[in-house]
């Protein structure tokens, strides 16, 4: 059985506009906030329930073109499996699971 990937540290850097997650497998991932907002996994941002599967996850969030610069105004833990940011555009329905964040890590080389 494969060990569950979970964060050992989460840092929101509002000055340099990134979210950094240190994972229990040793990786450190920095997610630019604007790109992370564009990669929102909620049904509204994905364009409907038909686009909710893993096959619709971005291959490389750094290739996403942000509509504008975004900031996180609040960040909440969701149980022991995810985070839910409140974005400065008022959007708050995206729940970013550890599994999803691990998969879209910009520093992760497949």
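The values are calculated or read from the model by the stated rules, or taken from the named source; none is laboratory data. Values in this document were obtained by computation on a predicted structure and should not be read as measured data. All Cβ positions, even for glycine, are placed from backbone atoms using ideal geometry, and neighbour counts span all protein chains on display.
For residue 92, the conditions (1) touching a strand residue (DSSP E or B) at 6+ places or on another chain (Cβ under 6 Å); (2) surrounded by 12 or more Cβ atoms within 10 Å (Cβ to Cβ); (3) not in a loop (DSSP other than H, G, I, E, B) are fulfilled apart from (3). If I ask for residues that are in contact with a helix residue (DSSP H, G or I) (Cβ under 7 Å, 6 or more places away or on another chain), farther than 13 Å from residue 99 by Cβ and in a loop (DSSP other than H, G, I, E, B), which ones from the range 24-57 would you list? Selection gives 39, 52.
The residue of the range 65-84 that is surrounded by the most Cβ atoms within 10 Å (Cβ to Cβ), among those that are part of a strand (DSSP E or B) and without any contact (Cβ under 8 Å) to a residue 24 or more places away in the chain, is 82. Considered as a group, the residues in the range 41-64 that are surrounded by 14 or more Cβ atoms within 10 Å (Cβ to Cβ) and in contact with a strand residue (DSSP E or B) (Cβ under 8 Å, 6 or more places away or on another chain) include one that is nearest to residue 95 (Cα to Cα), and that residue is 41.
When the residues of the range 2-23 are filtered to those that are surrounded by 14 or more Cβ atoms within 10 Å (Cβ to Cβ), assigned to a loop (DSSP other than H, G, I, E, B) and on the phi < 0 side of the Ramachandran plot, which remaining residue is modelled with the lowest pLDDT? Only one residue tops the list, namely 5.
The residues of the range 81-110 that are more than 13 Å from the chain's Cα centre (by Cα) and at pLDDT 95 or above, listed by number, are 88, 89, 90, 91.
Within the range 28-40, the set of residues being surrounded by 14 or more Cβ atoms within 10 Å (Cβ to Cβ) and in contact (Cβ under 8 Å) with a residue 40 or more places away in the chain comprises 29, 30, 31, 32, 35, 36, 37, 39, 40.
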